[in-house]
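Worksheet: one structure, shown below.
The values are calculated or read from the model by the stated rules, or taken from the named source; none is laboratory data. From a predicted model like this one, the values you see are computed outputs, not experimental measurements. Virtual Cβ from ideal backbone geometry, glycine too; neighbours counted across all protein chains shown. Quick note on the areas: whole protein, heavy atoms, side chains included, nothing else; ligands and nucleic acids left out. Shrake-Rupley method; radii C 1.70, N 1.55, O 1.52, S 1.80 Å.
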Amino acid sequence: MSLLSDTDLKAALTGLPEWAAVDGKLHREYRFADFVQAFSFMTAVALIAESMEHHPDWSNVWNRVTVDLSTHDAGGITAKDVILASKIEAVAGKLLL
Ligand code: H2B
């Protein structure tokens, strides 16, 4: 897995408008209705992450989940992070109604 070029990263971010590149990671904060929604989201994402063998750096405070995605082996953002971010968006889209 190689790091995305600046051009590829910019292109990826146009498809992920709520995400930003911060300190070499794809970053987004989600706010859910309550803790159960937030934790349901994390459970669904955990199963996807495990199937991809690619895991988020994240934290949860009640209804908020902060997500940072980077490829540790590569030391920054790769296509794997963009794919995981897109899958996370799909999960969140079902919950954030
Ligand atoms: N997750 C992330 N975000 N980056 C990695 O480099 C990584 C991972 N490596 N999950 C995986 C696990 C690797 O250690 C295993 C052996 O697949």
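Counting only protein heavy atoms and a 1.4 Å probe, the chain has 59 square angstrom of accessible area per residue. Compared with the dominant Cα axis of the chain, that is its longest principal axis, helix 35-52 is turned about 40°. The calculated FRET efficiency for the pair Ala11 and His55, based on their C-beta separation and a Förster distance of 30 Å, comes to about 0.80. Its convex hull of Cα atoms gives the chain a direction-averaged projected area, equal to a quarter of the hull surface, of 5.7 nm².
I want the local charge near Ser59. Using Cβ-Cβ distances under 11 Å, sum +1 for each Lys or Arg and -1 for each Asp or Glu among the other residues.
-2
The long axis of helix 79-95 is offset from the longest Cα principal axis of the chain by roughly 20 degrees. By accessible area, using a 1.4 Å probe on protein heavy atoms only, segment 23-97 has 56% of its surface on carbon and sulfur.
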